[in-house]
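Below: the structure, in structure tokens.
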4 protein chains.
Amino acid sequence: MTQHYLFDAPRVGLLPSGPRNLISDVPGVRVGHTTLSQGDVQTGVTIIKPHAQDPFLFQVPAAVSVINGFGKSVGLVQVQELGVLETPIALTNTFSVGEVATAQIREAIAAHPAIGRDWPTVNPLVFECNDGYLNDIQAFAVSANDYAQACQSATEHFEQGSVGAGRGMSCFALKGGIGSASRVATVSAGQQYVVGALVLANFGRLANLTVKGRLVGQYLLANGLSVDRKAVADSAAGIPEKGSIIILLATNAPLDTRQLHRVSKRAAAGLARMGSVYGHGSGDIALAFTTAYQIPAIAENAMPATSMLHESRIDPLFETAAEATEQAIVNALWAATSVRGRMGNHRWAINDVLPQWREYFEKEGQ
Amino acid sequence: MTQHYLFDAPRVGLLPSGPRNLISDVPGVRVGHTTLSQGDVQTGVTIIKPHAQDPFLFQVPAAVSVINGFGKSVGLVQVQELGVLETPIALTNTFSVGEVATAQIREAIAAHPAIGRDWPTVNPLVFECNDGYLNDIQAFAVSANDYAQACQSATEHFEQGSVGAGRGMSCFALKGGIGSASRVATVSAGQQYVVGALVLANFGRLANLTVKGRLVGQYLLANGLSVDRKAVADSAAGIPEKGSIIILLATNAPLDTRQLHRVSKRAAAGLARMGSVYGHGSGDIALAFTTAYQIPAIAENAMPATSMLHESRIDPLFETAAEATEQAIVNALWAATSVRGRMGNHRWAINDVLPQWREYFEKEGQ
Amino acid sequence: MTQHYLFDAPRVGLLPSGPRNLISDVPGVRVGHTTLSQGDVQTGVTIIKPHAQDPFLFQVPAAVSVINGFGKSVGLVQVQELGVLETPIALTNTFSVGEVATAQIREAIAAHPAIGRDWPTVNPLVFECNDGYLNDIQAFAVSANDYAQACQSATEHFEQGSVGAGRGMSCFALKGGIGSASRVATVSAGQQYVVGALVLANFGRLANLTVKGRLVGQYLLANGLSVDRKAVADSAAGIPEKGSIIILLATNAPLDTRQLHRVSKRAAAGLARMGSVYGHGSGDIALAFTTAYQIPAIAENAMPATSMLHESRIDPLFETAAEATEQAIVNALWAATSVRGRMGNHRWAINDVLPQWREYFEKEGQ
Amino acid sequence: MTQHYLFDAPRVGLLPSGPRNLISDVPGVRVGHTTLSQGDVQTGVTIIKPHAQDPFLFQVPAAVSVINGFGKSVGLVQVQELGVLETPIALTNTFSVGEVATAQIREAIAAHPAIGRDWPTVNPLVFECNDGYLNDIQAFAVSANDYAQACQSATEHFEQGSVGAGRGMSCFALKGGIGSASRVATVSAGQQYVVGALVLANFGRLANLTVKGRLVGQYLLANGLSVDRKAVADSAAGIPEKGSIIILLATNAPLDTRQLHRVSKRAAAGLARMGSVYGHGSGDIALAFTTAYQIPAIAENAMPATSMLHESRIDPLFETAAEATEQAIVNALWAATSVRGRMGNHRWAINDVLPQWREYFEKEGQ
């Protein structure tokens, strides 16, 4: 872990974090990035692996919640039907979904030539946001190799902010991108689980930005800080957002897919705390998976016999899911570095426009 | 409008309210209550009428969003399929749903004896929360007559707080009940619509109560104010909530049922701002309807030809829906009066435990 | 088992039946009826118990598929969220849903006074069809006692046809009602499960009646048999159906709620084979439950650790679910006896209008 | 229209067809194919255009029904949220979805360079089935140019069977592919609409094949006709299908997206009549769109003010949707020609194994 991984960000909520405050606090989960940053191309790929084994042979239970479906992610239909992941989860820009999905298929058939022949086909799973403000999205810059590199670089200690799929993303008219966090849920005496979140944050109008209950966006607009003039103008003109947010939740709690679906829906609560109302043009999608057990692809292998969490003890998972989501968004904002991209378009990192944020929050009380 | 309708409550958000700051700012919408308050019986009925005409003949477009389905409301299946209301909307306690639904059927067949014979049956629509802490819910105290009286008393100027279906409800371990609010949405230059909300608020753990971004619940717990000792104990023990919230949204914007469904989903954002994560045991359900046009029950009558709102202009409706919901919950709390009910159980109104709330929010900044 | 339980009906499909060809071939499942038949009152209640234990303490996994939501059943919202049954399943006429639901609540609180107080409320589960042609549905004739009697009479050997909730039901303008069947699924070598179906059949236009792929309805219309003249006239006039069908599926296969949902959706295939297109006015709802394991209501009790069926072996359950549904509808028609009811309205049993059905099917080949 | 477009097929159902018995009986709808047939490559692309105008500027109302979600189609999330089509609908093999989706994006940005920049992104819509038995799906043979060619060749008079995306598809272990049909719905006196269907048929086990209610599959298995020996063996061994079916429905009836969703669900009834139970491994998806009105992409353009069909008159659309689907599947089978492909794998056209089908159905009666 090198120095530049470190950043400071406001701490939201009251629940305890895991040791890294990352999605990788859920044992086995790793994250990899490929970042493309050259002139008008400011984009990339981020991947999440639930475990170190073959993803097709050892499938991970998962569920999806479409908070607002203005989005082009692929793979959700089958996840909703079958409740499992078959590939690493990939994040990229909207126009690169096809390329990355094809790369996932090629990777799976390279490992298992029977796929699509004697075996069923594989379900690629690619989430996206539109980074077209900073990135020349029409350049289709992401390649299959970029996906492969992201997979190879997967690690428990990964960077946040303007990296990977987050390179060109905007959030509240500031620089957005990748953020991650974790919270620890105590479901009964002595029984704890971790819920980790990783977001690709590319949503929100500046006027709505809320952190720790404070109207930071209103403050920035009113105090004429060096925010993009265009962002201010857009916000004043009521121009709708064209962003999105992808929220990935991991846990080691033993949950079936119905329960995972319930957990995934709580991401929307964390998102709302940041000021979002799930804007019309925003593809807001949450996915939750568990590492507590695996489903074998081969029917001859033994199915797991897992005691799921008693439903009446699920509230702590809801609370940690919401808070980890909220913190991951905050971390995406504060880890981000300012980026200049396509046609000179520029997004400020919040650290550059509100460097005195500690004083701001102190003055605002709490 | 008599004096006791007035109350002061914190103002949330930045959007303008309608003239009454009530769901009845949507022209035609009226609300009626029957309140039962005698010893262990602390319960009631609240009804909402979208217009003054026959509800079965002139059906109102509507859509439902089940935020968390731990609830026993009736009528949702058909609303989801057909997208219309056929009766007034009724709110009551969990165990009185059957009685009130039957009353709705009887009312409809009294007006139209062909219902269930030459005509299709009528779809009762009754929402509920569990008021069993303050109310002897096992007494099944609500009668068909109580429903009829609530219908007869429907008015644009209605009471909030510990009235009607809200009589016995608890919210964040304080006194909850009925709250209402409205916001005005400007969808394009010179084009405005109203979004009104009415809630039956019976949800939340005290530790999570958040108002205007401030952790009021934590403040109350820390400052030993005269909150129920049981509430404090429960909260500390992590006992899950057994409450619920029903959120009804009305608008005069021309929306089809798909769009109304989208609007109804934004109630969850307003709910989250209050500290809710849509707890496991909470039946959190939102319904949105429009008064912009009506669907005739009789096929021979002309169907409306309405220009729906262009989708790209729907964001202001999302923002007003979320904020009206948030304000309606705040109003439910601040309009409520303390109630003692079943077995001496007691809920404090927030006004009684935090009478100095103006100073609190001032000190907290913003 | 007395003589009048016996009837002959065409055999559909190719899969093997269980020993009784009833839903009670799933071990533990029992069915009870209360039949009301006096003049204009021709209605009743039917209940299904998944097991002999307390239904609230030992909850049964279940899932619902709304094929067409023109229906007033209660309890579905919570089944969809939590995936369990908490009461016996009740069937009755549309206007008696409230009464029966309240009876279910009263039964549960009689057994467990903590319900709605220290424990959560109970979720009543009542399905319905409109028997208003033969039954004076506006008489609200079904009482709480009728529900209690149906529960007490539950048995593995139960009657079909014009009994219980099926007393006043019509199907394809003939006499409908209760039907049941079972099929045995071989999911892998030596591994078998039973899928049982019970239907409340009250749907269909005569012109569409199809049995074993034969257009029986067209044949009856063309051959001037003693079918209701009104049915013929309605059918010719294209008058839409106002019926419904409720389909209950039981299995002893170990399935989680996602898998049960998949099984429940296959009821629609069996329904389609009878000529249905899930008509607009028909409330067509399927529910599937498993007896393979139970969920304890009390969190302190051990949760089951069950190896679910491998997904790739689920097809035999789909095929048996569809075929058991189809056979159950056929059995409802052929077990039915002709009934005269409200205002002299009359429905013929198919056995009365097509007594020579064996010859008919022989002549039609296959 | 050249000679080879003609084929004879059994006629199912009783409703009248449109003049061509094709989806293009809905005015404006056109279909184009690119067929790849060389050795191990037996695949292609088929596209459907709802009208001749720019698909992004003049969006067509649509709704989706996921009958069984074992599928990798892209674009459904946004169609479900917004209820419109923005591109031609594309059909291809499972592994070519990414390539075709990217081609759709490139086509849209070529026409409108603002897409993904000042305008929102475009939603590609690609459906798929797995043709890996006859086609070397791992060759990724479909190119962007193939998609462009299919678009350019769109016509009202299009070929069916082993063409376009249907080139390598199998259906009931016979040769499947593209089929189309139409039916005319009379919704009230003098008021008619057309419902057209186009299917990509790649589903089903031979044992289940049912046509006009006759167990054709059982007949073929029993009578040792020249069906693939592997198909027979698989069928006997109970090997699950790995197929899929895509069902596209077009109509000129004025329906909103909720109503279109209801229509799309009736495709499942037509599918069931062919013997399908929506097998586990089958991605069975239906989409319905209307040409009755369009939604402008640009908010400044006037929104349509259309009188939708009264709900009580929707049954004829349900019946035509089911029957057009059924007929389209029959046409896919009978229009197909036998194909030999990957590794010498071969699928017989039903016309080759049951050339005497007219006699078969006559003998079977009806």
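Taking a 23 Å limit on the Cα-Cα distance, which of the listed pairs A:Lys72/D:Lys175; C:Lys242/D:Lys265; A:Lys72/B:Lys265; B:Lys72/B:Lys265; B:Lys265/C:Lys265 fall beyond it?
Exceeds cut-off: A:Lys72/D:Lys175; B:Lys265/C:Lys265.
Which value, in Å to one decimal place, does the Kirkwood hydrodynamic radius take for the range D:1-57 when every pair of different Cα atoms is included?
Final number for the Kirkwood radius of the range D:1-57 is 14.5 Å.
For q values of 0.12, 0.15, 0.24 Å⁻¹, compute log₁₀ I(q)/I(0) with the Debye formula on a Cα-only model of the range A:256-317, without solvent.
These q points yield log10 I(q)/I(0) values of -0.45, -0.63, -1.06.
Would any residue of the range C:335-366 have its amide N under 16 Å from a label point 7 Å out along Cα→Cβ of D:Asn223? List them or say none.
Taking a point 7 Å out along Cα→Cβ of D:Asn223, the residues of the range C:335-366 whose backbone N falls under 16 Å are C:365-366.
What translational diffusion coefficient, to the nearest whole µm²/s, does the range C:1-121 have by Stokes-Einstein, given a Kirkwood radius computed over alpha-carbon pairs, a temperature of 4 °C and 1.567 mPa s viscosity?
For these conditions, the coefficient is 76 µm²/s.
Name the residues of the range B:103-121 whose amide N is less than 14 Å from a point 7 angstrom out from the Cα of D:Ser312 along the C-beta direction?
Only B:112-121 pass the distance filter.
Roughly what % of DSSP beta bridges within chain D run antiparallel, to the nearest 5?
80 percent
At D:Ala189, label 7 Å along Cα→Cβ: distances to the other copies, nm, ascending?
Nearest first, the other copies' label points are 5.1, 6.8, 7.8 nm away.
Debye calculation, C-alpha points only, no solvent: report log10 I(q)/I(0) for the protein assembly as shown at q = 0.08, 0.09 Å⁻¹, in the same order as the q values.
Log-scaled intensity ratios, in q order: -0.96, -1.25.
How big is chain C by Rg and Dmax over its Cα atoms, in Å?
19.5, 65
Show me the trypsin sites (Lys or Arg not before Pro) within the range A:296-366 that DSSP assigns to loop and that have at most 10 other Cβ atoms within 10 Å of their Cβ.
none
Give me the inter-chain shielding for A:315-324: mean count of other chain Cβ atoms within 10 Å, whole number please. Numbers along the way, then the final one.
Working: counts 11, 4, 2, 7, 6, 1, 1, 5, 1, 0.
Other-chain Cβ atoms within 10 Å of each residue's Cβ, averaged: 4.
Can you list, largest first and rounded to whole Å, the semi-axes you get for the range B:292-335 by taking the square root of 5 times each eigenvalue of its Cα gyration tensor?
Here the semi-axes work out to 33, 18, 5 Å.
Distances longer than 16 Å among the Cα atoms of the range C:266-353: what percent of all pairs is that?
Everything past 16 Å amounts to 72 percent.
Largest first, please: the extent of the C-alpha atoms of the range B:84-169 along each principal axis, to the nearest Å.
44, 31, 23
Specify the residue with the greatest mean-square fluctuation among B:Ile298, B:Ile89, B:Ile105, computed from a Gaussian network of chain B linking alpha-carbon atoms under 10 Å apart.
In the Gaussian network model the winner is B:Ile298.
Using a 7 Å offset from the Cα along the Cα-to-Cβ direction at both C:Leu14 and A:His157, what is the distance between the two label points in nm, to one decimal?
6.3 nm
Against the 2.2 N^0.38 Å scaling, with N counting residues, where does the range D:77-116 land? I'd like the Cα-based Rg ratio to two decimal places.
1.26
In nm to one decimal, list the spacings between the C:Glu362 label point and its equivalents in the other copies, with label points set 7 Å along Cα to Cβ, shortest first.
2.4, 9.8, 9.9
What residue among A:Glu323, A:Glu311, A:Glu300 shows peak mean-square fluctuation when chain A is described by a Gaussian network model with Cα springs under 10 Å?
Largest GNM mean-square fluctuation: A:Glu300.
Given a 10 angstrom Cα cut-off, can you work out which residue in A:Met169, A:Met308, A:Met274 is the most mobile in a GNM of chain A?
A:Met308
Using only C-alpha atoms and all pairs of different ones, pull out the Kirkwood radius for the range C:103-214 in Å with one decimal. Before the final figure, lay out each step's value.
On the way: mean 1/r = 0.0580 Å⁻¹.
For the range C:103-214, inverting the mean 1/r across all distinct Cα pairs yields 17.2 Å.
Each residue of the range A:349-356 in turn: what ³J(HN,Hα) in whole Hz from Karplus with 6.51, -1.76, 1.60 and θ = phi - 60°, glycine and Pro shown as x?
Values, residue by residue: 6, 5, 5, 7, 9, 9, x, 8 Hz.
What gaps in nm, shortest first, separate B:Gly224 from its twins in the other copies when you place the label 7 Å past Cα toward the beta carbon?
Once sorted, the set of distances for B:Gly224 reads 4.9, 9.6, 9.6 nm.
Collect residues whose amide H, placed 1.01 Å from N in the peptide plane, falls under 5 Å from the amide H of A:Ser73; neighbours closer than 5 in sequence don't count.
A:Glu128
Output ³J(HN,Hα) for the range A:138-153: one whole-Hz value per residue in order, computed from phi by the Karplus curve 6.51 cos²θ - 1.76 cosθ + 1.60 with θ = phi - 60°, and x for Gly and Pro.
The phi angles translate into 6, 7, 6, 7, 6, 10, 4, 5, 4, 5, 4, 4, 4, 4, 5, 8 Hz.
Report the closest approach of any chain B C-beta to the axis of the B-to-C rotation: residue and distance, in whole angstrom.
Whole-Å result, nearest residue of chain B to the axis: B:Gly98, 2.
With labels modelled as points extended 7 Å from the Cα through the Cβ direction, what inter-label distance (nm, one decimal) is found for B:Gln356 paired with D:Glu359?
Taking the simple label geometry, B:Gln356 and D:Glu359 are separated by 10.1 nm.
Residue by residue through the range B:291-301, what is 3J(HN,Hα) from phi via Karplus (6.51 cos²θ - 1.76 cosθ + 1.60, θ = phi - 60°)? Round to whole Hz and write x for glycine and proline.
Each residue of the range B:291-301 in turn: 9, 5, 7, 10, 9, x, 5, 8, 4, 6, 6 Hz.
Would you grab the residues whose amide H sits under 5 Å from the one on B:Lys175? Only those 5+ places off in sequence or on another chain, please, with H modelled 1.01 Å from N.
B:Trp348, B:Ala349, B:Ile350
Read-outs throughout are calculated quantities, based only on the coordinates presented, and are distinct from any laboratory measurement. Predicted, not measured: the structure shown is a model, and the values here were computed from it. In this analysis, Cβ positions are derived from the backbone assuming ideal geometry, glycine residues included, and neighbour counts consider all displayed protein chains.
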